[in-house]
Amino acid sequence: MTNDPTIRRFDPDSRPVRGPEEFDWPVQESDAEYETGWYTGGYDLVGQPDGSEKRYYWADLPAAAVVVAVVDGADVPSVAADASDGARRGPGGGTGADAEDGVDHLVMVDQYRPTIREQCLELPAGIVEDGESYTDAGRRELREETGFDAAGVSLLEEFWCSTGILRHRRGIVFAEGLEPVEADLDDNEFLSVTTVPVDEALAVARREPANDATIEGVLLAQAEDVL
């Protein structure tokens, strides 16, 4: 477990945790070319060790919380790791099995991702809003997306994502002591809730179309011995 800071954004004036030793990579120019309301896109013109300059393009967006939530015998459909692709979706296809009482299950959401044009099985996640910590955001997103309220939420890890193009931090949080409440989906959220037995979670997370946040969350939770 680690400390839980409030929302983190890229700060060009902040001191790096680990800076370069032999060359300071001077930023000659920085330009935000467009704003979308969701993220800012732009570039830095940077001096390189060989004397050349290059534009490094970036997208800057708020931090996000990804939730590893464990429930005991939840009354929602469960995904089997060895199920066929058509059967594994549970809520979407109506073929999921009920979670077994007394067996820990990982809560997941099943939703279509227009960006990659794939139906994805993922951990609940969402943007950290102003003034929130990762655990605040994780608790809220879990409640809104899945209809589960957590008695305890802790931060497993936070880190930079896709550092070749993104200015974006991600926090993986662990939630336990879940109680059912009413979900409150955003207008653009069309998803269903399912669960996975914890001993099958990594196998399910690795199945295509796999995604980074879900695999990271499962692996970190296993490393912390909470999953």
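What the table shows:
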read-out	value
Given (1) surrounded by 10 or more Cβ atoms within 10 Å (Cβ to Cβ); (2) in a strand (DSSP E or B), number of the condition F10 does not satisfy	(2)
Residue in region 140-148 that is free of Cβ contacts under 8 Å to residues at least 40 places away in the same chain, under 15 Å from the mean Cα position of the chain (by Cα) and on the phi < 0 side of the Ramachandran plot present	yes
Test result for S192, modelled with pLDDT of 95 or more, surrounded by 13 or more Cβ atoms within 10 Å (Cβ to Cβ), of a type in the set (S, T, Y) and touching a strand residue (DSSP E or B) at 6+ places or on another chain (Cβ under 7 Å)	no
Residue match in region 171-180 (condition: modelled with pLDDT of 95 or more, closer than 21 Å to L61 by Cβ, of a type outside the set (A, V, I, L, M, F, W, C) and part of a loop (DSSP other than H, G, I, E, B))	no
Cβ-Cβ under 7 Å pairs, at least 6 apart or on other chains, region 112-123 side in the same structural domain as R207 (by TED's automatic domain parsing) and over 17 Å from T146 (Cα atoms), far side hydrophobic (A, V, I, L, M, F, W, C) and surrounded by 10 or more Cβ atoms within 10 Å (Cβ to Cβ)	R113/C120
Failed item, numbered, when G96 is tested on (1) buried (at least 17 other Cβ atoms within 10 Å of the Cβ); (2) at pLDDT 95 or above	(2)
Near pairs, Cβ below 8 angstrom, 6+ apart or cross-chain, from region 150-168 (assigned by TED's automatic domain parsing to the domain that holds Y39) to any residue that is exposed (fewer than 13 other Cβ atoms within 10 Å of the Cβ)	none
Residue, farthest from the chain's Cα centre (by Cα), within region 1-36, restricted to residues that are of a type in the set (G, A, S) and modelled with pLDDT of 90 or more	S30
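The values are calculated or read from the model by the stated rules, or taken from the named source; none is laboratory data. Every value quoted in this text rests on a predicted model; they were computed, and no experiment measured them. Backbone-built Cβ (ideal geometry, glycine too); neighbour counts: all protein chains shown.
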